[in-house]
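Trainee: The structure's right below; bear with me while I get my questions together.
The values are calculated or read from the model by the stated rules, or taken from the named source; none is laboratory data. Computed from a prediction, not measured in an experiment: that's the story for all the values here. All Cβ positions, glycine included, derive from the backbone under ideal geometry; neighbour counts span all protein chains shown.
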Amino acid sequence: MKIRVLGCAGAIAAGSFTTSFLLDGDVLIDAGTGVGTLTLEELAGIDHILLSHSHLDHVLGVPLLADSVMRMRAAAGRGPIRVHGLPETLQALREHLFNNRIWPDFTRLPTAQQPVLVLVPFAVGQEIALGERRIEVLSAAHTVPAVGFAVFARVQGPCWVFTGDTGPNEALWQRLAQLPVAHLVIETSFCDEEATLAQLSRHLCPSALATQPLHQLQQSQEPAQLHITHVKPGEVRTVMAQLRRHGVKAHALHTGDRWQLD
């Protein structure tokens, strides 16, 4: 299984795109502005979108993608794109995006019988099978109902984990301790000088991440690699330097980074 970073910034600026990951060419995890780095043909090949939560920087690509590929997918006889999310996330899409005021309702276009999008609810702890791939929905602790994802290329193999937007979250770490995590993509949205803002918005800063039980993922013969995402533009060097001072060994994620998970 191939995983590609389309966007990993906490906001937009030149060269900075918000959260989105592409799995094998047909599955998106989140649909931030990074979706716009794909060609039209690549966009038309997406059959599933998994959303971590309803905030705009993670979902704004969904309505734009639907409008872009509707004609191409219809001409090719492709079925609807399945948008997976918590019930609360999907309800937010219905009320605030696909309401015919902010954007047309692509869950009923081009026709109610054959729409370009179908909304599919999931729950924390649920496993979603997409071909041979298996995706487990993980707990997250954010200001709105939110989740992360553990992605497995095969049943017994290692997994790639994306925490989604989350503050400190004991339930997540309890589950991660039970999983064969090869790569952990975890947010650190703010620098330590903004620790109060991070706490209020239920994000992480370097000092908060350093208090999480990272050591439990480093005890196997093949310890997990830690990748930092969702940093605000212009703050990456500061955040990474502060993480190093706290003794956290991690890589800053960049658009275009890739993994191969066997």
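Trainee: Take Ser20 and tell me if it is closer than 21 Å to Thr188 by Cα, within 15 Å of the chain's Cα centre (by Cα) and of a type in the set (Ser, Thr, Tyr).
Mentor: Criteria met by Ser20.
Trainee: Name the single residue that is nearest to Val59 (Cα to Cα) among those in the stretch 94-106 being crowded, with 19+ Cβ neighbours inside 10 Å and touching a strand residue (DSSP E or B) at 6+ places or on another chain (Cβ under 9 Å).
Mentor: Residue satisfying both the conditions and the ranking: Phe98.
Trainee: Next up: Ala129 versus (1) surrounded by 15 or more Cβ atoms within 10 Å (Cβ to Cβ); (2) closer than 20 Å to Leu261 by Cβ; (3) within 18 Å of the chain's Cα centre (by Cα): which is the lone unmet condition?
Mentor: Evaluating Ala129 over (1) surrounded by 15 or more Cβ atoms within 10 Å (Cβ to Cβ); (2) closer than 20 Å to Leu261 by Cβ; (3) within 18 Å of the chain's Cα centre (by Cα) leaves (1) as the failure.
Trainee: Taking the condition of being surrounded by fewer than 24 Cβ atoms within 10 Å (Cβ to Cβ) and within 14 Å of His84 (Cα to Cα), how many residues in the stretch 28-52 meet it?
Mentor: Of the residues in the stretch 28-52, 3 are surrounded by fewer than 24 Cβ atoms within 10 Å (Cβ to Cβ) and within 14 Å of His84 (Cα to Cα).
Trainee: Next question. If you check Thr107 against the conditions, is it polar (S, T, N, Q) and in a helix (DSSP H, G or I)?
Mentor: Spelling it out, it is not the case that Thr107 is polar (S, T, N, Q) and in a helix (DSSP H, G or I).
Trainee: Let me ask another. Restricting attention to the stretch 144-180, which residues are modelled with pLDDT under 95 and of a type in the set (Val, Ile, Thr)?
Mentor: Once the filter is applied, which keeps residues that are modelled with pLDDT under 95 and of a type in the set (Val, Ile, Thr), the stretch 144-180 yields only Val155.
Trainee: Is there any pair with a first residue in the stretch 159-173 that is over 10 Å from Thr229 (Cα atoms) and a second that is part of a loop (DSSP other than H, G, I, E, B) and of a type in the set (D, E, K, R) whose Cβ atoms are under 6 Å apart and which are 6 or more apart or on different chains, and what are they?
Mentor: Pairs that qualify, where the first residue is over 10 Å from Thr229 (Cα atoms) and the partner is part of a loop (DSSP other than H, G, I, E, B) and of a type in the set (D, E, K, R), are Gly167/Arg202.
Trainee: Inside the stretch 1-88, counting only strands (runs of 3 or more DSSP E) that do not spill past its ends, which hold 2 or more residues that are at pLDDT 95 or above and small (Gly, Ala, Ser)?
Mentor: So the answer is none; nothing clears 2.
Trainee: Of all residues in the stretch 183-199 being without any contact (Cβ under 8 Å) to a residue 24 or more places away in the chain and not acidic (Asp, Glu), which is surrounded by the fewest Cβ atoms within 10 Å (Cβ to Cβ)?
Mentor: Within the stretch 183-199, the match that is surrounded by the fewest Cβ atoms within 10 Å (Cβ to Cβ) is Thr196.
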